[in-house]
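Input: a single structure, listed below in structure tokens.
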Amino acid sequence: MASKKNEKQNEERGELGARLAATPFSFMRRFAEEMDQLFEDFDFRRDWLAPVLGSELGAGIWSPQVEMLQRNGELIVRADLPGLTKDDVKVEITDNAITIEGERHGEKEAKHEGFYRSERSYGKFYRRLPIPEGVDVKDAEATFQNGVLEVKMKASKREQQKARRLEVTEAAAPKAHRKAAGA
């Protein structure tokens, strides 16, 4: 009887170990492999989303690093766009948001003894950032230098409110609601 109990415990441990080994990342990898196989069955290649996401799934998903700061009465937005030119970038501004979008192109060539390899990648990007109240967008200026886009706008100085500490109280326990038997 003890051996049957041990066998059952070992089985349960094995199942638990298998579940623990199935991390979210291994699940995602397995799911992606199965989806690739499914699309291959219907004659779609891995780049079937290229018009939407770029030539490769990883290469098409790119978002530039952006920082927004206020200094000397100006709101400054900077975006790191390495490898791009000013012609690759489009900036639009409204009273409440700034939109930075464009497309990057990449080309790699490798020539070694006995082989030649060439890769091209394309990817669109789009960032929309909210502009705080009090910013005057009428005279906004955009410059592009060494792969960095910088947009400057006049910003009125906002009054800084002093921080105050809030007292945290314990909430009263909610009362249970009962349904009427006949209602």
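In segment 76-102, of all residues being assigned to a strand (DSSP E or B), among the acidic types (Asp, Glu) and open to solvent by 60 Å² or more (accessible area, probe 1.4 Å), the one that is farthest from Val135 (Cα to Cα) corresponds to Asp80.
Checking the condition outside any helix (DSSP H, G or I) and either exposed (fewer than 15 other Cβ atoms within 10 Å of the Cβ) or at pLDDT 80 or above (or both), which residue from Gln37, Gln70, Gln9 passes? Only one candidate passes the filter, namely Gln70.
So that you can scan it fast, the table gives a plain yes or no per residue for (1) touching a residue at least 12 places away in the same chain (Cβ under 8 Å); (2) touching a Cys at 6+ places or on another chain (Cβ under 6 Å); (3) open to solvent by less than 40 Å² (accessible area, probe 1.4 Å):
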site	(1), (2), (3)
His112	no, no, no
Tyr126	yes, no, no
Gly134	yes, no, no
Val137	yes, no, yes
Phe144	yes, no, no
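Scanning segment 114-124 for residues that are more than 17 Å from Gln65 (Cβ to Cβ) and part of a strand (DSSP E or B), we see that the one that is most open to solvent (accessible area, probe 1.4 Å) is Arg120.
The values are calculated or read from the model by the stated rules, or taken from the named source; none is laboratory data. Note that the coordinates shown come from a computational prediction; the quantities given were computed from them, not determined experimentally. As a convention, Cβ positions derive from the backbone with ideal geometry for all residues, glycine included, and neighbour counts pool all protein chains shown. Surface areas here come from the heavy atoms of the whole protein model, side chains and all, with no ligands, DNA or RNA. Shrake-Rupley method; radii C 1.70, N 1.55, O 1.52, S 1.80 Å.
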